[in-house]
Amino acid sequence: MRFSCERSGKYRPFVKKVDGKEVAVKKRVRSTGTKKCECPFELKAVKGNDGWTVFVHNGTHNHPPAVYLEGHSYAGRLSAEQTSTVVDLSVALVKPKEILTHLKVQDPENVTYIKTVYNVRHKYRVIKKAGKSQMQHLLDRLEKYQYVHWTRGNENENVTELFWSPPSAGEMLRAFPRVLMMDCTYKTNKYKFPLLQIVGVTSTEMTFCAAFAFMECEKTENYTWVLEKLKGMMDPNALPSVIVTDRELALMNAITNVFPHATNLLCRWHIGKNVLAKCRKMFDDKMWEEFICSWGLVVISASVAQYEERLCVLKRDFEMVPAALEYVEKNWLVPYKERFVGAWTDKVMHFGNLTSNRAESSHSKLKNHLENSQCNFDTIWEKIHRLMLLQVTAVKVSFEKSLNSVQHDFRTTLFDRLRGVVSSNAMTLVLAASHQVEWFVESKRQCECSLRHTHGLPCAHEIGPYKMGNIPLPIELIHEHWKRLSLLAPQNEGSMEETLLAHFDCFYNKFMNEENYDVKVNYVKKMQELAHPKSSSLLEPKVNAQPRGRKSTKEKNAAKEKNSTHRDPSEFEHVLASLQTPKPVKEIPRRNPKGKAKVPAQLFICPFINQFPEAIRPYIESVQDVDDDGNCGFRAVSGFIKGNVHEWLMVRSDLLKELETHLHLYEQVVGGTQRARELLHILSWYESPAPQEHWMTMPDMGHIIASAYNCVLVHLSNVQCLTFLPLQSKPLPSMKRKVIAIGFVDGGHFVQVFLKKGSPMPPIACNWKRHRLSIAKNWDAAHVAAIQKFNEIIGVDVATKEVIDVK
């Protein structure tokens, strides 16, 4: 056994034979080098009867000794255990730099560097492929993990379509087949194939991925092939009745061909953004707000008569902008109104899914795992496979939570027969409908039964007799979708064997009767690929070759953008960017500039404390700031209600739903239809940052917040302090009430305010007393003493100023 220095020997250039002679080939690379310097050091070890004997052939080096062991491949080699750790963490999608950090933490003496980690990962992948092509390796893994998969290729045997569905999708589709959402995403793979994601929704309102499909192009024929494969894995007696998409004409045509009995709804969010992109520049700021509010009212019309009335109002109010009216009518209302306007969609059982946001959310999760857009199919599958494992776990957890955990709001007689049998999400909707019973009785309005038609749940007029008589709701009033809290196994498995044998007989007869030898060879080849996926002759799609040579800075930036998975800006985003004005700089800094010394703990002053009435300051425990992005008011509410200030999108959505559901009530509360439209417009924004026209406004928004979350909202500022109570729900016991407080500071910013126990409370907003339902009349009784204390120490001047705060 010989031992030599790692710098022994000399560099051997790459050679190739030309006319029988070896010729050195100079590689076109930017920078290369070698650590070989023909070091003569050499030892020889011989094993004899007495053990090992070492002979020194040459004990000198021709180079100075290493200063550090880091960077030397032999010193940085990994043990078998460390190699196994690197492989396990790589399979778990841990980044290489984090793997290296883990190794250093486990062994402080370890001198491994990042290249070693990459080498181990690469070696593992090469061994795992075992000489198979990329497509053979992928198909082998799909077969191994029991994915339903289909492929299609062109005449050159390059893949043109690739469909796969996780093993759990079959059970989920059997359990929840009624509503599906479909949408394509881009910049996920180096072949530039669009990725179609098909998702569904469970009884616990969890999103599940039913299938993934890569397509060469987005034509009706491609979509039809994908949907036929999806239909083939579904129960013929349980096909989707509602499919939500954006206005992708090829996909819509394919749905009509494959699922002729399904209702194809169009995503309202995408429609709104299309209207913004095409019409925004036709209006000034004020008129645009009025137009988009009127358009929103047309979209949410509850009946055909109301739709026609609101459409007439839209045409009358904006007849001076005929181009905008022509666009919305010609492109949306005339051809597609039945697919997105409430007068028609409220008659379809869509379980609340009127947008493709669930598919968009799945896109986002996948791209967060992909990290770059130059992945191949095998890499994408590996990351999707990990996501699917987590998805199944999350869905089963939600089932168990509905079966075993009972919210306190459901511990009433009304829900006696539903607890542990029906999804808690369904009971939340029923609870909200039960709060409307008194309002319908007092207002003498006829129930439109939208909850019954859209969700399969009892609406207010059905709940009324049971609530008034203190009788439990019968389980028969709940649609089967909400009562399903488990996955469905396949039925009639025995009949599949008979069907398979019949197909085998048919294939055998066809093969034996075929006279053309080439056709027979093709039959055998197809059977071989089915039985042995790793023998497939399919090739991955072709990738455009990258030009060689040194890249300019511009080309590098373009390459970096190309590798990103972030989608390109939509047309409406370009429109908004062109209209956006620079944000004014505030004179009062809210945070210490970098570099300044921190304030010692004993001298710490609660931020913004001086911006509240002096007498209330001793009762403030702390103030929590939130991001200043125009959504701060919703972030502050989210921190209390959702437990996370980053859930502001859900708060906007909840408040919009509350306002739309009880629009007639809030029109009275806020002083008319025009103001209600303005609030609809304010809430209809789902981006960060938010322009000023979409900032939270008070006091009107306070009534909606308190009613939507059945809580007590305290609003504090130097110019206005008010308490808001729910308008239409039965008062909760004092111990179960949730009291939250938000503060208005800096002339345009909301923060979270944490009040001490027993703190005084501002007077209740006057409009609550004027417009609350009779069932809510005692909400204020528990706060009389706290309100009186506030008036004594502060006075009523600050408390009764009806000033509208913004943002």
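The values are calculated or read from the model by the stated rules, or taken from the named source; none is laboratory data. Predicted model, so just to flag it, every value in this text is computed and none were measured. No Cβ is skipped: glycine too gets one built from the backbone with ideal geometry, and neighbour counts run over all protein chains shown. Ligands, DNA and RNA are excluded from the accessible area calculation, which covers all protein heavy atoms including side chains. Shrake-Rupley method; radii C 1.70, N 1.55, O 1.52, S 1.80 Å.
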*asked:* If you fit an axis through the alpha-carbon atoms of helix 96-106 and take the longest principal axis of the Cα set of the chain, what angle between them do you get, 0 to 90°, nearest 10?
replied: 80 degrees
*Tensor-based shape of segment 317-404 (alpha-carbon gyration tensor, a/c under 1.5 rounded, otherwise prolate or oblate)*: oblate
*segment 115-207 - percent relative contact order, Cα under 8 Å, separation 6 or more*: 15 percent
*How far, in degrees from 0 to 90, does helix 114-129 lean away from the longest principal axis of the Cα atoms of the chain, to the nearest 10?*
80 degrees
*Would you be so kind as to identify which of 57, 341, 279 lies farthest towards the positive end of the dipole of the chain, taking Lys and Arg as +1 and Asp and Glu as -1 on Cβ and the Cα centre as origin?*
57
*Would you mind checking the tilt of helix 357-370 against the longest principal axis of the Cα atoms of the chain, expressed as 0 to 90 degrees and rounded to 10?*
30 degrees
*Note down the net charge around residue 647, summing +1 for each Lys or Arg and -1 for each Asp or Glu among other residues with Cβ under 13 Å from its Cβ.*
+1
*Within segment 670-807, percent of DSSP bridges classed antiparallel, to nearest 5*: 60 percent
*Return one whole number: the accessible area per residue of the chain in Å², for a 1.4 Å probe.*
54 Å²
*Using the structure shown, select from 187/330; 187/337; 115/192; 278/337 the pairs with a Cα to Cα distance greater than 23 angstrom.*
187/330; 187/337; 115/192
_the chain: calculated mean residue ellipticity at 222 nm from DSSP helix runs of at least 4, using -39500 (n - 2.57)_ = -13000 deg cm²/dmol
*For residue 201, enumerate residues with amide H under 5 Å from its amide H, sequence gap 5+ or separate chain, H modeled in the peptide plane.*
179, 208
*Out of segment 146-253, which GluC sites (Glu not before Pro) are coil in DSSP terms and have no more than 12 other C-beta atoms within 10 Å?*
155, 157
_Once neighbouring chains are kept in place and the probe is 1.4 Å, which whole percent of the accessible area of the chain is contributed by carbon and sulfur?_
53 percent
*Of 44/129; 401/730; 10/95; 396/642; 128/229; 219/315, which pairs sit farther than 32 Å apart, going by alpha carbon to alpha carbon?*
44/129; 10/95; 219/315
_Relative contact order (%) - criterion: Cα under 8 Å, at least six apart; region: the chain_ = 10 percent
*the chain - share of DSSP beta bridges that are antiparallel (%, nearest 5)*: 80 percent
*Just one of [x] 137, 84, 65; [y] 166, 82, 47; [z] 101, 85, 60 is Cα extents along the principal axes in Å as worked out from the coordinates here. Which one is it?*
[z]
*asked:* If the reach is capped at under 17 angstrom between alpha carbons, list the aspartates and glutamates near residue 769, excluding any in the same chain fewer than eight residues apart.
replied: 438, 442, 667, 700, 780, 802
*Given 0.36 nm per residue, what is the gain on full extension from residue 62 to residue 516 after removing their alpha carbon distance, in nm?*
156.1 nm
